[in-house]
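Engineer: The structure that follows is given in the form of structure tokens.
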Amino acid sequence: MGVILRGFVLAGGRSSRFGSDKAVADWQGVPAALALVRVLEDAGLQATVVARQSRVQFAGTCELIEPPSASSHPLYGVAAISGDDAVFVCPCDAEQLTASMVRALCASEAVSADSPLVGVWPARLRRDAAAAAAAGSSVRALAAGLPRLDVGATGNRNVPAA
């Protein structure tokens with residue numbers, strides 16, 4: 001696939017279990033999605049947030065693209081990422097993700113064994129993502145053929161910090 005240069009933080013979910021918008025929840029003193037942008041940038045990637053603009057309070061601090069559907073299915077966020085290159089993708093609640101994990105996944109061109117939504121996604125799968133979401137498919141099902149790498153737990157923040 002080649003060198004991974006771009007990274008995307010998915011921040012378009014409903015956050016129903018969380019109780020409020022995860023993307024803007026405080027994490028290390030900044031909105032969660034912006035904290036992940038910093039992790040991606042520390043790993044050497046050009047970072048972009050995928051979210052509906054009306055939900056993101058930090059617009060203007062990084063590039064923002066909107067998913068092609070109002071649905072909160074994460075595969076619509078994956079489908080919003082254009083280009084023919086492989087890219088790094090992570091959800092905005094991957095609070096344990098570090099720059100070294102990102103670099104390891106990029107070097108191996110793999111997704112995390114912990115979560116297939118965290119890792120390198122080739123363009124061919126991104127092109128299939130919207131149809132998979134519309135058909136009710138899962139991220140795991142679409143990513144089943146991708147290489148996996150155990151980099152440790154990447155996080156899945158479903159409750160606000162105490």
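Engineer: What net charge is computed for the residues neighbouring LEU149, neighbours being all others with C-beta under 11 Å from the C-beta of LEU149, Lys and Arg scored +1, Asp and Glu -1?
Structural biologist: Values: positive: ARG148; negative: GLU109, ASP114, ASP150.
Every neighbour counted, the sum reads -2.
Engineer: Further question: How do the peptides 145-152, 122-129 rank, highest first, by the average count of neighbouring beta carbon atoms within 10 Å per residue?
Structural biologist: Values: 145-152: 14.8, 122-129: 16.8.
With the highest mean Cβ count within 10 Å placed first, the list reads 122-129, 145-152.
Engineer: Sticking with this structure for a sec: What residues qualify as long-range amide H neighbours of PHE8, i.e. H under 5 Å apart, gap of 5 or more or another chain, H built at 1.01 Å from N?
Structural biologist: Placed amide hydrogens put THR48, PHE88, VAL89, CYS90 under 5 Å from PHE8.
Engineer: Would you mind checking which residues have amide H under 5 Å from VAL111's amide H? H placed 1.01 Å from N; only 5 or more apart, or other chain.
Structural biologist: Amide H to amide H, under 5 Å and 5 or more residues apart or across chains, VAL111 pairs with VAL120, ARG148, LEU149.
Engineer: Something else: How high is the FRET efficiency from ASP128 to GLN28, r the C-beta distance, R0 45 Å, rounded to 0.05?
Structural biologist: Using R0 = 45 Å, I get an efficiency of 0.85.
No value in this document is a laboratory result; all are computed from the given coordinates. These numbers were taken from a predicted model, which means no experiment stands behind them. Quick reminder, even Gly has a Cβ in these numbers, built from the backbone with ideal geometry, and neighbours come from all protein chains shown.
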